[in-house]
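In what follows, a structure is listed as structure tokens, so that the remarks can point back to it.
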Amino acid sequence: MSIGIVYDPVYLEHDTGPHCEVARRLETTISHLKNTKVMDKLVSIPARPATLNELTRVHSEAYIKYVEDFTARGGGHLDPDTAVSTGSYKAALYAAGGLINAVDAVIDGDIRYSFALVRPPGHHALRWEAMGFCLFNNVAVAARHLIADRGLQRVMIIDFDVHHGNGTQDEFYREREVLYFSTHQYPFYPGSGWIDEIGEGVGAGYTVNVPLPAYCGDEEYLRAFEEILVPVAKRFRPQIVLVSAGYDAHWADSISMMQVSSSGYAAMNRIIKGLADELCEGKLAYALEGGYNLEALATSVRATIDVLLSSKKVADPLGEARSRYSIPDIDARLQEIKKNQHLD
């Protein structure tokens, strides 16, 4: 069973200065995978720049040109949260293009599963603007490629970043070819992703949001996956599963108030892997989104890859949250989602 990985030093050229989304995120993660010999078990997938045609399926040509020109002039801030440098445009092209190479390798059967360790992340990026550390929406670009160039009709995107992927939701909100499923802290940045956001027109029912209250941990996330994701995925029967893999719901990550552990991420990804194996012959591709505590990010990525490798034991050096400030009751919220999605 071969697992592909996308990584390129070009991603380090996206210099954000004093920021939480920094090159050290990838440097630490790659170092951890090498030191633990996990990297030796992976097949390298080369990155390449996304083409203008591939990008304009998701972003306006004027916006793409604006990012190119803005970075060429030295960079700065595209929005209050999104810092860029002279190397950011190239890194963003290679992030989107690297994921396209990864999903192609999965579709072609060259590898079983793939993980694209890319930056900048993508799930907040909108058609006309950057947002939330994101320049181009990598997962949305890959999904459009799968539909336009590879002839797929049913693509599922699972987003477990602690922030709602408003850019991805917006891109596919009125369509039925892509089903978008998201777990996220709510209320929280960017403010979207409530239960009643289920899609519009022919896309009604193809957006599934599971907004979770602060302090949810492994148990609550696994309930969301088992009670909502599993039946939704089985009803949709995707031809491939793409994952916006953000690890900022980890209890050690100060950007959120969630309490997930690396073992919890492993359990979540066992469910995802099981669904992909059952429903679409294991066609499964991950793209890195958030995760800002360096050790938590590295160990959680490793835990995910260990699951893909079918390792019997998953390492979790940080362990479970040292204290749970409260344990939220999510029963009523899950029941409302089931009602909205006709899962009863």
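The residue list Gly203, Gly246, Gly264, Gly217 contains one member that is closer than 27 Å to Gly151 by Cβ and in contact (Cβ under 8 Å) with a residue 24 or more places away in the chain, which is Gly203.
Only a single criterion out of (1) more than 18 Å from the chain's Cα centre (by Cα); (2) within 24 Å of Phe136 (Cβ to Cβ) is not satisfied by Glu278, namely (2). All of (1) closer than 21 Å to Met156 by Cα; (2) under 19 Å from the mean Cα position of the chain (by Cα); (3) surrounded by 17 or more Cβ atoms within 10 Å (Cβ to Cβ) hold for Trp194 with one exception: (3).
Could we say that Asp316 is of a type outside the set (Phe, Trp, Tyr), closer than 23 Å to Gly165 by Cα and assigned to a loop (DSSP other than H, G, I, E, B) here? Judged against the criteria, Asp316 is not a match.
Could you please let me know if Ala296 is touching a strand residue (DSSP E or B) at 6+ places or on another chain (Cβ under 6 Å), in a helix (DSSP H, G or I) and of a type in the set (A, V, I, L, M, F, W, C)? Criteria met by Ala296. Among what's in region 226-252 and is in contact with a helix residue (DSSP H, G or I) (Cβ under 6 Å, 6 or more places away or on another chain) and among the aliphatic types (A, V, I, L, M), pick the residue that is surrounded by the most Cβ atoms within 10 Å (Cβ to Cβ). Step by step, filter region 226-252, then rank; the result is Leu242. Looking for something over 29 Å from Arg57 (Cβ atoms), in contact (Cβ under 8 Å) with a residue 40 or more places away in the chain, in a strand (DSSP E or B) and among the aliphatic types (A, V, I, L, M) - is there at least one such residue anywhere in region 179-200? So far as region 179-200 goes, no, none of its residues is over 29 Å from Arg57 (Cβ atoms), in contact (Cβ under 8 Å) with a residue 40 or more places away in the chain, in a strand (DSSP E or B) and among the aliphatic types (A, V, I, L, M). Only residues that are under 19 Å from Phe160 (Cα atoms), in contact with a Phe, Trp or Tyr (Cβ under 6 Å, 6 or more places away or on another chain) and of a type in the set (A, V, I, L, M, F, W, C) were counted in region 119-141, giving 1. Of the helices (runs of 4 or more DSSP H) lying entirely inside region 1-111, those carrying at least 2 residues that are within 21 Å of Asn137 (Cα to Cα), out of contact with any helix residue (DSSP H, G or I) (no Cβ under 7 Å at 6 or more places or on another chain) and aromatic (Phe, Trp, Tyr) are 61-72.
Bear in mind that the values in this text are calculations on the coordinates, not laboratory data. What you are looking at is a predicted structure, and each value in this text was computed from that prediction instead of being measured. Using ideal geometry, Cβ is built from the backbone for each residue, glycine included, and neighbour counts are taken over all protein chains shown.
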